[in-house]
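Following: one structure in structure tokens, then a few remarks.
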């Protein structure tokens, strides 16, 4: 229950502690100095509108990804092969919800309300990571998501712990600590399957074959085509380019795949002694663009599920609001 | 507080208010700001804070306060609030050097 100006939630929030000021007339005095000194910008500091917009877009998109990301894994909670694995998977999916909430909170400090962000997602105006539009047909896909998708996420997110916007950086510190559990649980699932029956080994290999290229594309388009990268790097939001992070990820994967006893589906993957890195093959950026456009295998299903969950939860949100109002009224009576 | 705009069976959907969460990591330590969350009331805020910020034993006690009720200094006041401390280096023990080498000082 909002007590003042409910029609303007952002403005209302802006008056409270550690919340953004949304008045557009503010100068950006001091901003460049803080960025140049590699300092941190905090919610009530002056900042260029474009910096605020970029962060709202990036953080809310990141939050939406965590929330939508619960679906491919949630698919296997009821069918996890043991009670222990089910409990672990539930904890992991709960973490993803938590990560989404940390990030929505961070975005809210910039003066955008939770409702605005949710509405943008439900209306299809906001994006989430296209990786979650791929299906999880087998239990091994849960392992592949943990190892490859969460592994790529960690590569992306560790540098974000030093992002120039304080609340985002702090959320990322918390998230990164929890992600390493996710990556290890995925690795463990694949390792168990890889050393199981020939059928299980085959299932693990096929899941890795499915997720390898999409996980490499999670870092975004090649540097030459990445439109927002240069400005984000100048603002210390982004610390490394898409291709640098992708390379780091590939270099990390090769020895890990060896430990798993699984191969990576890339005939061009080879150590390049001159560069001191692994070379890897061309990625199918047409596929990436198609999935972004909404043509992935699960885009429609993911959004339909998210909208249904939101609609079916409406009565809970309303009941909690009504209950809180009733209790507050009762307290008011007894105090009078 | 009453809810005069509510008719039976129909509650307008409004965003739950925002709460700031403070967690005491262990006995003997102060509560530290952990983050924020939405909840309909204080009791729900404590419950949500438990689920959101203490999933791995990060705390032994939680404070929640409505974000709208927190009062903060403004970045514009930074100079008048904090500059006066800048030229009072004698408030630090390292300012005094005459006692160097004297035992117990």
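Mind listing whichever residues of segment A:75-87 are surrounded by fewer than 16 Cβ atoms within 10 Å (Cβ to Cβ) and either in contact with a helix residue (DSSP H, G or I) (Cβ under 8 Å, 6 or more places away or on another chain) or part of a helix (DSSP H, G or I) (or both)?
A:78, A:79, A:81, A:83, A:84, A:86, A:87
Please return the ranges of helices (runs of 4 or more DSSP H) entirely within segment A:231-336 where 1 or more residues are surrounded by fewer than 16 Cβ atoms within 10 Å (Cβ to Cβ) and touching a strand residue (DSSP E or B) at 6+ places or on another chain (Cβ under 8 Å). Lay out the reasoning, then the answer.
Numbers: elements: A:242-260, A:285-290, A:299-312, A:314-335.
In segment A:231-336, A:242-260 are the helices (runs of 4 or more DSSP H) which contain 1 or more residues that are surrounded by fewer than 16 Cβ atoms within 10 Å (Cβ to Cβ) and touching a strand residue (DSSP E or B) at 6+ places or on another chain (Cβ under 8 Å).
Just for segment B:59-73: of the residues that are touching a residue at least 12 places away in the same chain (Cβ under 8 Å) and within 12 Å of another protein chain (Cβ to nearest Cβ), which one is nearest to residue A:104 (Cα to Cα)?
B:67
In the set A:174, A:170, which member is within 29 Å of residue A:55 (Cβ to Cβ), out of contact with any helix residue (DSSP H, G or I) (no Cβ under 7 Å at 6 or more places or on another chain) and crowded, with 17+ Cβ neighbours inside 10 Å?
A:170
Within segment B:34-58, which residues are exposed (fewer than 14 other Cβ atoms within 10 Å of the Cβ), within 11 Å of another protein chain (Cβ to nearest Cβ) and over 16 Å from residue A:97 (Cβ atoms)?
B:43
Take segment A:195-230 and flag every residue that is at pLDDT below 95, assigned to a loop (DSSP other than H, G, I, E, B) and surrounded by fewer than 16 Cβ atoms within 10 Å (Cβ to Cβ).
A:222, A:227, A:228 - these are the residues of segment A:195-230 that are at pLDDT below 95, assigned to a loop (DSSP other than H, G, I, E, B) and surrounded by fewer than 16 Cβ atoms within 10 Å (Cβ to Cβ).
Could you list, in sequence order, all residues of segment B:61-104 that are exposed (fewer than 10 other Cβ atoms within 10 Å of the Cβ) and within 25 Å of residue B:49 (Cα to Cα)?
The answer is B:71, and nothing else.
The values are calculated or read from the model by the stated rules, or taken from the named source; none is laboratory data. What you are looking at is a predicted structure, and each value in this text was computed from that prediction instead of being measured. A quick note on method: Cβ atoms are made from the backbone with ideal geometry, for glycine too, and the neighbour counts reach across all protein chains shown.
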